[in-house]
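First comes the structure, then the notes that go with it.
The values are calculated or read from the model by the stated rules, or taken from the named source; none is laboratory data. The model shown is predicted, which means the values in this text are computed figures rather than measured ones. Here the Cβ is made from the backbone with ideal geometry for all residues, glycine too, and neighbour counts use every protein chain on show.
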Amino acid sequence: MGETFSIHLDKVTDAVLAAIPAASFKAMEHLRQVAVSRTPIETGDLRSSAETRPAPNGASVYFAGPYGRYQHYEFLHHERGGERLYLSSSVLSETPKVLEILTQELSKVIE
């Protein structure tokens, strides 16, 4: 009897682990959208360079190279919109929503 319960938990664990990359991608896609809305606008290239990249154990939000870091960290006046620390501020403000998305997606697997 205890063995049957253990086997069932193993299947649930395997299903949850398998669902993490897709759930993470969905959550990071939300984060990307918010970060893009805060990204400084000069030509729009930086905003259009944003992407959500899948990974074996999750996903990440990516902005293109040195220019993205420069716009993120430097104290610049953004006349056409956007803000400094566009990705960091999005992570801070959107953590509850990211966790909510992860919870919803992983709960589907458990139910």
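Miscellaneous remarks
- For Arg69, the stated conditions hold: it is among the basic types (Lys, Arg), assigned to a helix (DSSP H, G or I) and without any contact (Cβ under 8 Å) to a residue 40 or more places away in the chain.
- Scanning the stretch 41-60 for residues that are among the acidic types (Asp, Glu) and either within 11 Å of Gln71 (Cβ to Cβ) or in a loop (DSSP other than H, G, I, E, B) (or both) turns up Glu42, Asp45.
- Of the listed requirements (1) of a type outside the set (D, E, K, R); (2) surrounded by fewer than 18 Cβ atoms within 10 Å (Cβ to Cβ); (3) in contact (Cβ under 8 Å) with a residue 60 or more places away in the chain, Ser49 misses just one: (3).
- Lone qualifier among Leu87, Leu76 - being modelled with pLDDT of 90 or more and either surrounded by 15 or more Cβ atoms within 10 Å (Cβ to Cβ) or among the aliphatic types (A, V, I, L, M) (or both): Leu87
- Qualifying residue in the stretch 11-18 (condition: among the hydroxyl-bearing types (Ser, Thr, Tyr), over 11 Å from the mean Cα position of the chain (by Cα) and surrounded by 13 or more Cβ atoms within 10 Å (Cβ to Cβ)): no
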